[in-house]
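A.B. asks: To start, I am sharing the structure in question, which I have written as structure tokens.
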Amino acid sequence: MKKAIAVFSGGLDCTVAISVYAKDYEIHAITFNYGQKAFEHELKASKTICEKMGFTHHVINLDWLSEISTSSLNTTEEIPDVEFEDLDDEKKSSESASSVWVPARNTVFTSIAASYAESIGAEIIIVGWDKEEANTFPDNSKKYMEKFNELFEVGSPIDIEIKAPAIDLDKDEIVKLGSEVNAPMELSYSCYKGTDTHCGVCESCMRRKRGFEKAGIEDLTIYEK
């Protein structure tokens, strides 16, 4: 069977993305520990999903990334709470995104994934990048993906391509796609704060909540608020 590497935090978007290719590829998922507050829960979710779906699971520690980061995701800075109306407010959503931005995170993750891909002859790297979050996170954008794939064309001795099935989708469309491919969305974990149940007020939780609501699909997530 063809092989794939997946950058996999156990979150909603990457859980849907990895499920799209589950039947056609031998998937090796990578979860990164960069000191994020939610790591323990991300690890639990990613491990549980990989066991359920028969994927190989690897964990890579990036201590140095937490040491240079100023992000509220992996420092003592408080992660901001948001309201539903803030999600479509360019100024407020940009402020929230700036708070949780980790320096070159997706560039680092995808480069490491490429090393794994070359080492085992994997044809694709699966990521959960999506249209909605690309509005404030440039390393989720279609243009970013296209440029990375151009880099692989000239910089890798094998054919590798990033695949992001949610790259043109908003969160509600991702939830609908997840339902179509039987993704175990109920096992995924999206909260930035790393609480035992989803906090329900960070930007990631709010986008998850709204996605299920707009999609009209039952949300089995337990939120604190």
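The values are calculated or read from the model by the stated rules, or taken from the named source; none is laboratory data. Because the structure is predicted, anything quoted here is derived from the model rather than measured. Neighbour counts run over all protein chains shown; Cβ positions are idealised from the backbone, glycine included. The protein model used for the area step is the full one, side chains on, heavy atoms only, and it has no ligands, DNA or RNA in it. Shrake-Rupley method; radii C 1.70, N 1.55, O 1.52, S 1.80 Å.
A.B. asks: Kindly indicate whether I125 is farther than 27 Å from H28 by Cβ, touching a strand residue (DSSP E or B) at 6+ places or on another chain (Cβ under 7 Å), at pLDDT 95 or above and crowded, with 21+ Cβ neighbours inside 10 Å.
C.D. replies: On the way: farther than 27 Å from H28 by Cβ: no; touching a strand residue (DSSP E or B) at 6+ places or on another chain (Cβ under 7 Å): yes; at pLDDT 95 or above: yes; crowded, with 21+ Cβ neighbours inside 10 Å: yes.
Taking the combined requirement at face value, the residue does not satisfy it.
A.B. asks: Same structure again: Does S115 satisfy being over 16 Å from V7 (Cα atoms) and not in a loop (DSSP other than H, G, I, E, B)?
C.D. replies: Working: over 16 Å from V7 (Cα atoms): no; not in a loop (DSSP other than H, G, I, E, B): yes.
Taking the combined requirement at face value, the residue does not satisfy it.
A.B. asks: Now for a separate question. If you take the residues in segment 181-209 that are over 18 Å from V127 (Cα atoms) and more than 17 Å from the chain's Cα centre (by Cα), which one is most open to solvent (accessible area, probe 1.4 Å)?
C.D. replies: Per the stated criteria, the residue is D196.
A.B. asks: Could you pull out the residue among E85, E51, E78, E26 that is in contact with a strand residue (DSSP E or B) (Cβ under 9 Å, 6 or more places away or on another chain), open to solvent by 30 Å² or more (accessible area, probe 1.4 Å) and without any contact (Cβ under 8 Å) to a residue 24 or more places away in the chain?
C.D. replies: On the way: E85 fails: in contact with a strand residue (DSSP E or B) (Cβ under 9 Å, 6 or more places away or on another chain); E78 fails: in contact with a strand residue (DSSP E or B) (Cβ under 9 Å, 6 or more places away or on another chain); E26 fails: without any contact (Cβ under 8 Å) to a residue 24 or more places away in the chain.
Within the list E85, E51, E78, E26, the selection yields E51.
A.B. asks: Scan segment 59-66 and give yes if some residue there is aliphatic (A, V, I, L, M), open to solvent by less than 10 Å² (accessible area, probe 1.4 Å) and either within 30 Å of E180 (Cα to Cα) or without any contact (Cβ under 8 Å) to a residue 40 or more places away in the chain (or both), otherwise no.
C.D. replies: No; the residues of segment 59-66 include none that is aliphatic (A, V, I, L, M), open to solvent by less than 10 Å² (accessible area, probe 1.4 Å) and either within 30 Å of E180 (Cα to Cα) or without any contact (Cβ under 8 Å) to a residue 40 or more places away in the chain (or both).
A.B. asks: How do the pairs read when you match residues in segment 130-153 that are touching a residue at least 12 places away in the same chain (Cβ under 8 Å) with residues anywhere that are part of a helix (DSSP H, G or I) and β-branched (V, I, T), using Cβ under 7 Å and keeping only pairs 6 or more apart or on different chains?
C.D. replies: What qualifies is D130/I174; D139/T107; F148/T110.
A.B. asks: Something else: Can you report the number of residues in segment 30-48 which are open to solvent by 30 Å² or more (accessible area, probe 1.4 Å) and either touching an Asp or Glu at 6+ places or on another chain (Cβ under 6 Å) or among the hydroxyl-bearing types (S, T, Y) (or both)?
C.D. replies: The qualifying residues number 1.
A.B. asks: Now, a different point. Out of curiosity, is E77 acidic (D, E) and over 24 Å from S179 (Cβ atoms)? Break it down stepwise before answering.
C.D. replies: Details: acidic (D, E): yes; over 24 Å from S179 (Cβ atoms): yes.
So E77 passes the test.
A.B. asks: Ok, one more. Just to be sure I understand, how many residues within segment 152-194 are out of contact with any strand residue (DSSP E or B) (no Cβ under 9 Å at 6 or more places or on another chain) and within 18 Å of P80 (Cα to Cα)?
C.D. replies: 1
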